[in-house]
């Protein structure tokens with residue numbers, strides 16, 4: 001057979017720059033929208049200064065760019081899955097970072113603790129990667145769907161806090177009429193764009209809503225552009241911006257738990273990508289995916305970023321695109337790195353008013369809940385105690401949101417884990433599933449090889465957000 005006619009995997013197709021850059025830019029826009037949510041949630045929750053917020057946004061975008069490059073190209077031998085996989089900040093880690101920063105003696109010390117725990121979580125993921133395939137039977141669709149539901153429920157209150165703006169977290173306060181109208185306008189505009197715009201513009205509905213909302217807010221006098229004017233056009237992201245990392249066991253345990261949840265999500269997303277590009281999901285390939293996740297999380301810790309995940313939104317773009325080359329996502333990674341080195345861009349993101357964020361918050365977090373419902377459709381909730389597992393897990397997730405100081409009299413480890421609705425709900429679902437479905441779990445061991453060849457559960461919904 002003529003070598004030129006040998007079929008090349010779509011993921012490995014080398015495409016020219018005039019194709020890879022536009023395709024990469026499309027991935028970049030979606031990745032930025034996914035990445036900036038975590039630093040914005042943390043900033044609003046702990047009161048970061050504009051300078052701290054700008055650096056945090058830059059570090060997260062920069063780290064996501066490096067992660068995407070390492071997933072797409074063979075930069076570090078024997079680790080990359082060589083997939084068109086766009087990576088970035090994990091939603092699930094936001095609440096753990098907030099707790100860590102609030103409990104720390106200072107913001108600087110808090111970020112040093114976050115860096116240390118992120119580095120350890122990355123090392124943990126890298127070391128456990130060869131054995132992860134055998135452990136996946138403990139995370140069936142019931143657990144994955146419940147954890148995703150927990151994630152959405154735990155994050156949704158941020159929408160209300162953003163709408164309340166300066167009155168956030170004051171349960172007896174009233175909403176400002178102007179803030180409510182602004183949030184409602186952004187919300188309605190997003191709905192209209194989502195319904196009537198198709199294709200690429202439809203995918204940018206959240207971005208369009210943020211831009212319009214910020215412009216309107218500027219006319220209302222709600223936007224302070226001084227941080228944008230003061231921010232430089234270029235600045236390096238240097239390792240350990242806040243000082244050498246600190247290692248605290250209680251914080252590390254919380255971050256490792258989130259890392260496990262991220263491994264579950266990335267497992268599903270990567271299997272979906274393998275199916276789209278027609279690449280075989282071997283044990284070695286699976287291990288490389290987890291190794292990359294561990295490495296990029298380790299690197300993120302060095303640069304004061306956060307744990308990474310694979311963005312499922314970009315999988316949707318990949319599925320619709322005619323070219324499914326990893327060189328396009330590599331281009332996206334390079335663009336993200338460049339944006340991360342441009343503080344003025346991060347400053348522009350940081351000045352978006354909270355009510356505007358509240359207007360798109362329902363879409364950002366509500367779709368996570370919808371995705372969870374989509375996964376749980378595969379589960380027979382009437383069988384065994386599956387309904388009980390879902391219900392109790394969501395209940396444990398909501399407790400810290402209703403009573404933030406519920407565990408204040410307990411040791412720090414208990415506060416860090418169960419004081420986070422995401423961790424509390426996730427651990428509850430995993431533990432109850434093992435308790436009620438132990439025989440079923442152990443029975444799946446005999447069919448593990450067969451499962452690898454099956455089309456995975458609709459991993460369009462297995463998020464990182466985080």
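The values are calculated or read from the model by the stated rules, or taken from the named source; none is laboratory data. Computed from a predicted structure; not experimentally measured. Counting neighbours? That spans all protein chains shown, and the Cβs are built from the backbone with ideal geometry, glycine included.
Values for this structure:
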| item | result |
| --- | --- |
| Whichever residue in the range 224-250 is within 24 Å of the chain's Cα centre (by Cα) and assigned to a helix (DSSP H, G or I) and, among such residues, is nearest to residue 426 (Cα to Cα) | 250 |
| Filter result for residue 113 (out of contact with any strand residue (DSSP E or B) (no Cβ under 6 Å at 6 or more places or on another chain), in a helix (DSSP H, G or I) and buried (at least 19 other Cβ atoms within 10 Å of the Cβ)) | yes |
| Residues located in the range 295-307, provided they are part of a helix (DSSP H, G or I) and surrounded by fewer than 24 Cβ atoms within 10 Å (Cβ to Cβ) | 298, 299, 302 |
| Single residue of the range 50-83 satisfying the filter (in contact (Cβ under 8 Å) with a residue 40 or more places away in the chain and not in a helix (DSSP H, G or I)) that is farthest from residue 352 (Cα to Cα) | 78 |
| Flag if residue 19 is under 20 Å from residue 206 (Cα atoms), modelled with pLDDT under 80 and out of contact with any strand residue (DSSP E or B) (no Cβ under 9 Å at 6 or more places or on another chain) | no |
| Qualifying residue in the range 321-328 (condition: in contact (Cβ under 8 Å) with a residue 12 or more places away in the chain and surrounded by fewer than 19 Cβ atoms within 10 Å (Cβ to Cβ)) | yes |
| Selection within the range 251-281 - without any contact (Cβ under 8 Å) to a residue 24 or more places away in the chain and either more than 23 Å from residue 415 (Cα to Cα) or outside any helix (DSSP H, G or I) (or both) | 280 |
| Boolean, residue 338 is modelled with pLDDT under 95 and on the phi > 0 side of the Ramachandran plot | no |
| Residue ID - farthest from the chain's Cα centre (by Cα), chosen from residues in the range 28-74 that are within 17 Å of residue 299 (Cα to Cα) and at pLDDT below 90 | 74 |
| Output for the range 428-447, where each listed residue is surrounded by fewer than 15 Cβ atoms within 10 Å (Cβ to Cβ) and at pLDDT 85 or above | 431, 434, 435, 438 |
| Search result, residues across the range 37-49 that are touching a residue at least 12 places away in the same chain (Cβ under 8 Å) and either over 21 Å from residue 238 (Cβ atoms) or crowded, with 23+ Cβ neighbours inside 10 Å (or both) | 37, 38, 39, 40, 41, 42, 44, 45, 46 |
| Looking only at the range 146-169, and only at residues there that are more than 30 Å from residue 427 (Cβ to Cβ) and free of Cβ contacts under 8 Å to residues at least 60 places away in the same chain, the one that is surrounded by the most Cβ atoms within 10 Å (Cβ to Cβ) | 167 |
| Residue satisfying condition, being within 24 Å of the chain's Cα centre (by Cα) and without any contact (Cβ under 8 Å) to a residue 24 or more places away in the chain, within set 197, 208 | 208 |
| Residue list for the range 214-223, restricted to those being part of a loop (DSSP other than H, G, I, E, B) and touching a residue at least 12 places away in the same chain (Cβ under 8 Å) | 220, 222, 223 |
| Enumeration of residues in the range 386-410 that are without any contact (Cβ under 8 Å) to a residue 24 or more places away in the chain and farther than 18 Å from residue 157 by Cα | 387, 391, 407, 408, 409, 410 |
| Only one of 157, 141, 130 that is under 20 Å from the mean Cα position of the chain (by Cα) and farther than 23 Å from residue 187 by Cα | 141 |
| Qualifying residue in the range 383-390 (condition: modelled with pLDDT of 85 or more, assigned to a loop (DSSP other than H, G, I, E, B), touching a helix residue (DSSP H, G or I) at 6+ places or on another chain (Cβ under 7 Å) and closer than 17 Å to residue 45 by Cβ) | no |
| Test set (1) more than 20 Å from the chain's Cα centre (by Cα); (2) surrounded by 12 or more Cβ atoms within 10 Å (Cβ to Cβ); (3) modelled with pLDDT of 85 or more - residue 424 fails condition number | (1) |
| Those residues of the range 188-211 which are within 14 Å of residue 353 (Cβ to Cβ) and either crowded, with 18+ Cβ neighbours inside 10 Å or at pLDDT 90 or above (or both), in sequence order | 209, 210 |
| Given (1) surrounded by 21 or more Cβ atoms within 10 Å (Cβ to Cβ); (2) farther than 18 Å from residue 258 by Cα, index of the condition residue 106 fails | (1) |
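Rundown of residues vs (1) at pLDDT below 80; (2) on the phi < 0 side of the Ramachandran plot; (3) surrounded by 19 or more Cβ atoms within 10 Å (Cβ to Cβ), yes/no style:
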site: 247; (1), (2), (3): no, yes, no
site: 251; (1), (2), (3): no, yes, yes
site: 257; (1), (2), (3): no, yes, yes
site: 261; (1), (2), (3): no, yes, yes
site: 265; (1), (2), (3): no, yes, yes
site: 270; (1), (2), (3): no, yes, yes
site: 275; (1), (2), (3): yes, yes, no
site: 284; (1), (2), (3): no, yes, no
site: 289; (1), (2), (3): no, yes, yes
